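Here is the structure we will look at, set down as structure tokens.
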Amino acid sequence: MKRFVKAVSVFIVIALVSVQLCGCSLLMDYQSDYEKYSEQNFSNISYKRPDTKRFFELSKSIEENCGNFFKAISVNDWFTEMIDIYNDMYAMISLLSIYTACDITDKYYAEEYLFLRNEVIAVSDELNRIVSVLKDSKCAYMIEFYNDKSIWEYFEDYEEKSENDTAFDELTKQENTLISKYNELLDKSFTIPADGLDIGDAQIIEDNALSLDELDFLYENGILSSEEYIELQREIYLKKNKAYGDVYVELVSVRKQIAKNRGASSYADYAYGELYAREYTVSDIREFRSYVKEALVPFYNELVSKLDYTLLDRGDRYISEIYPSDLTKTLKPVLSSISGKMGDAYEYMISNNACSFEYSPNKAQMSFTTYVDCYGIPYIFCQPSETATAYDFFTVVHEFGHYFDYYTNSVTDYNSIDLDSSEVLSQGLELIFSEHIGDVFKDGDVAAQEYIYVILNILSSVISGCMYDEFQELVFTSPDCTLENI
């Protein structure tokens, strides 16, 4: 059952950080400096902190001069430069989300990521404020001449911040800081002593300490029984639980305050409505969870009983031989047979270095696809097991479904990411790909087992999603949210 362990542990991390992975600039359609964002090779893009000091200086110059008709050209130039800095902030935030995942030990990028996510709050407010001044000024005609009268629709109607809104900004900064603290823990190794364990000739133990990866190795090689494996895993997870849990409890407290600040009856109502714009309610999902428990879980368990782990292990060994060196040779022909445009998209991704598939001990334990704002570059990040398995292979297939969505439909304000419907593209590709599974696994018996495994993964995502949703609803409605009570 080891194959399913990684999926569960990754899910928790994604649940906490998914919001920060998707930059969403108000002005992604409006880019004055197209040449600057024309680079498509990810390797040629580098991080540089946007000049926010200059941004506020420009805003001051506009406010001081926009009442003078003869200053219209200068005001337009200043406004254009403000937009460039604003757009650049979102591009850099997107870039840093990838950099921090690629190397969780890099403190500089982690600190810059937190800085920009907090700084963009004030920058967005100031941009909306200066637009409210500018659009009714004597220089507005020049902005409209170079753009269009619809330019003002990109901006929110500015209102002086209330005390409540100021408090919301501070809570958001606290939330960002806690998420960063949580991410820092990804760099920490949790181990238990190997004392008293009969591990035979296993040569992987260093400093008499066992990590989760080492437990996996011992279990897969028959050195640990299932009972020993589960109990030792539990010991490590209890250690992790304490470290992560203290941050999580504080985060729950802050998020409850955010929901209250926004006038929501609960954080779930706030998240469903304002954060994710879902078309169903908390009460709707309770009914859905009941159906999943009664119908999908028994079906899932029935399918699990049909798995032949000997055949699945053969599939894993094959994937470990081709991953990542021959991944393209295996993946591209299948994707091209599904759709010529899909094959082209894969080739475009590889040639522009817009993916990270290899294992590194410094990479975050997660997989995601994001979009580098302004540049219009989708990017896939995957952290496989040190010895890749079929799980890792199908994770790439899943994420490529997201990539292809971005590749064919560039992101704007008007079609920004919906976390629910976007999964149709990724899980849908897994199911379509599974019809070609014999082109990957030439052994028919292995292919049949891998087909069942794909179906199980789809079911697992629904079931685990409901589990965590139910868990979080209980946590966020608990009047006494301590780690012990959780």
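The values are calculated or read from the model by the stated rules, or taken from the named source; none is laboratory data. All of these numbers come straight from a predicted model, not from anything done at the bench. All Cβ positions, even for glycine, are placed from backbone atoms using ideal geometry, and neighbour counts span all protein chains on display. Ligands, DNA and RNA are stripped out before the accessible areas are found, and what is left, the full protein with its side chains, is counted by its heavy atoms. Shrake-Rupley method; radii C 1.70, N 1.55, O 1.52, S 1.80 Å.
Near A209, the amide H atoms lying under 5 Å from its own belong to A194; only residues 5 or more places off or on other chains count, and H is placed 1.01 Å from N. Divided by 2.2 N^0.38 Å, where N counts the residues, the Cα radius of gyration of segment 241-291 comes to 1.34.
Estimated at 0.36 nm per residue, the fully extended path between K60 and T328 surpasses their Cα-Cα distance by 91.3 nm. Output the 0 to 90 degree angle, nearest 10, between the alpha-carbon long axis of helix 72-102 and the longest principal axis computed from the alpha carbons of the chain. So the helix axis and the longest Cα principal axis differ by about 10 degrees. A straight Cα-to-Cα reach below 28 Å connects K442 with the lysines K2, K6, K306, K329, K332, K341, residues fewer than 8 places away in its own chain not being considered. Pairs of Cα atoms nearer than 8 Å and 6+ residues apart set the relative contact order; for the chain it is 20 percent. For segment 348-441, the set of chymotrypsin sites (Phe, Trp or Tyr not before Pro) satisfying both a DSSP loop assignment and a count of at most 10 other C-beta atoms within 10 Å is empty. Between 0 and 90 degrees, the angle of helix 282-291 with respect to the longest Cα principal axis of the chain falls at about 20 degrees.
Among the trypsin sites (Lys or Arg not before Pro) in segment 133-190, those placed in a DSSP loop whose Cβ has at most 11 other Cβ atoms within 10 Å are K188. To the nearest 10, the accessible area of K341 is 110 Å² with a 1.4 Å probe. The Cα atoms of the chain cover 83, 55, 48 Å along the three principal axes, with the biggest extent listed first.
Distance between the C-alpha centres of segment 117-135 and segment 218-282: 34 Å, rounded to the whole angstrom. For the chain, the longest principal axis of the C-alpha atoms and the axis of helix 390-408 are separated by about 20°.
Which of the pairs K71/K138; K60/K138; K173/K256; K107/K181; K188/K256; K36/K60 have their Cα atoms more than 18 Å apart in this structure? Violating the 18 Å limit, Cα to Cα: K188/K256; K36/K60. Loop-located GluC sites (Glu not before Pro) in segment 421-482 (DSSP state other than H, G, I, E, B) with a sparse environment of at most 13 neighbouring Cβ atoms within 10 Å: E435. Quick one: check the C-alpha center-to-center distance for segment 38-103 versus segment 147-186, whole angstrom. If you average the Cα positions of each part, the centres end up 17 Å apart.
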